[in-house]
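Undergrad: Can you keep this structure in mind? I'll have questions shortly.
The values are calculated or read from the model by the stated rules, or taken from the named source; none is laboratory data. Every value quoted in this text rests on a predicted model; they were computed, and no experiment measured them. A quick note on method: Cβ atoms are made from the backbone with ideal geometry, for glycine too, and the neighbour counts reach across all protein chains shown. These area figures cover heavy atoms from the full protein model, side chains too; ligands, DNA and RNA do not enter into them. Shrake-Rupley method; radii C 1.70, N 1.55, O 1.52, S 1.80 Å.
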Amino acid sequence: MIPNSSRKRQRQRPPPPHHHASAIVEAFPHRTISESSQKLPRTSFSFNDPSTADVILRFFIDRSPFDSSNPSDSARHSDLQIYLHSRVISRAKYFSTLLSDRWQHQANNHNAGHDSRTIANCNNMFHLNLGVHDDPTVHLTVLQLLYTYDFPTVIASASTALEILPVALELLFEDCVKACVKFLEAVPWSEEEEKRVLSLIPLLREEESKELLARVSPGEDDFCEEMLHGLIEKAMYSQPNMAFVKVFVAKLLRDFSSRESARRVLERAFDANLRIVKESLEQYSSPDFRGDHNETEAIQRLHLHTAMTNGRHLLWLVERMIELKVADSAVKQWSEQAAFTVDLQKAFRDDAWRNIVPGLPAVMLRCTCKLASAVAAGTILSSRQEFAE
């Protein structure tokens with residue numbers, strides 16, 4: 001399922017669930033984690049040892065404004081400060097780059113602009129900030145592994161490996177990534193763990209993900225198609241890292257061994273997204289006014305946003321189908337949407353869409369133009385009647 005290419009894809013550091021981790025110069029209140037965190041075996045440097053440390057790393061809760069979690073949980077973990085050693089944490093490429101002379105020089109040149117990545121060496125002590133989405137326990141575990149390298153003891157279950165792997169990828173801790181992947185290759189997974197593995201595969205290099213993909217796609221067409229369908233859904237609904245995942249899935253589709261399997265999976269996704277767009281516009285064009293006016297207006301806005309979001313997914317699917325020359329069914333379906341066309345016309349006669357989803361007409365027209373252009377160019381074979389209207 002994975003192309004046998006000798007070219008290595010460069011690791012891209014995935015963001016935390018909502019935002020990128022940031023590193024800034026700042027003076028922080030001195031509140032450190034308890035000594036009870038130092039349970040793992042130590043190297044010549046001790047984890048969280050203020051007497052020898054040259055790096056102060058402060059965790060803060062980097063929460064989305066749409067996150068409904070309890071604010072008291074954030075306060076409990078905010079301003080958590082630990083003492084680290086640059087020689088040790090440089091084993092992770094994220095910290096190695098952050099503490100490099102070149103980065104520090106560039107950061108200091110932007111000092112006046114309060115660059116969020118600015119690093120300063122104050123009294124031989126580096127001050128860093130690292131945003132986390134929630135409880136930083138897993139981040140602390142990965143930082144301890146930079147000191148101990150005791151992967152067999154810490155990574156003792158698939159669930160632990162799946163918790164550690166995203167943080168190791170975030171910090172570009174290659175040895176930890178390899179340890180997690182090797183462990184996952186060797187142990188059984190639950191159904192929920194398999195879904196988490198599939199969600200992480202796009203963030204791994206091709207050579208790292210090869211064995212994991214083999215586990216979830218043993219060769220039968222139905223397994224392969226389910227795996228590919230899951231990756232397509234991940235590409236469309238992966239909010240924090242959508243562009244990168246879409247590039248990965250598009251390449252996987254191009255190199256997929258079975259063109260018919262790729263056709264069936266893309267047609268399945270196309271049908272589902274087209275159905276959502278049609279239903280959303282139908283509900284918008286024929287609203288139920290029996291409720292409160294404000295509630296009705298909010299529901300109408302939701303219908304338009306749903307149509308717009310899935311319309312963009314539909315456009316991406318159309319591009320992939322045309323690229324693989326498997327858009328025959330999509331052309332036929334798109335040309336038979338009389339009721340859908342009426343709903344679109346009703347929606348566009350209402351000026352509300354201009355302020356809510358101004359790009360919706362353009363998305364729908366691009367779908368039509370791309371399919372029509374592919375038919376005109378001979379890329380897709382179609383009957384004469386399909387685009388007659």
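Undergrad: Restricting attention to region 114-132, which residues are more than 21 Å from LEU84 (Cα to Cα) and either at pLDDT 80 or above or open to solvent by less than 60 Å² (accessible area, probe 1.4 Å) (or both)?
TA: ASP115 - this is the single residue of region 114-132 that is more than 21 Å from LEU84 (Cα to Cα) and either at pLDDT 80 or above or open to solvent by less than 60 Å² (accessible area, probe 1.4 Å) (or both).
Undergrad: Any residue that is open to solvent by less than 50 Å² (accessible area, probe 1.4 Å), touching a residue at least 40 places away in the same chain (Cβ under 8 Å) and assigned to a helix (DSSP H, G or I) - is there at least one of those in region 193-204?
TA: Among the residues of region 193-204, at least one is open to solvent by less than 50 Å² (accessible area, probe 1.4 Å), touching a residue at least 40 places away in the same chain (Cβ under 8 Å) and assigned to a helix (DSSP H, G or I), which makes the answer yes.
Undergrad: Restricting attention to region 63-87, which residues are closer than 23 Å to LEU146 by Cα and modelled with pLDDT under 75? Outline the logic, then answer.
TA: The first filter runs over region 63-87 and keeps only residues closer than 23 Å to LEU146 by Cα, leaving 77-87.
Matches in region 63-87: HIS77, SER78, ASP79.
Undergrad: Moving on. Residue under question is VAL197, and the condition is that it be outside the structural domain of LEU324 (by the TED database) and over 26 Å from ARG320 (Cα atoms); does it hold?
TA: Against the criterion (outside the structural domain of LEU324 (by the TED database) and over 26 Å from ARG320 (Cα atoms)), VAL197 does not qualify.
Undergrad: Restricting to region 35-60, count the residues that are of a type in the set (S, T, N, Q), under 18 Å from VAL154 (Cα atoms), at pLDDT below 85 and more than 33 Å from the chain's Cα centre (by Cα).
TA: 2
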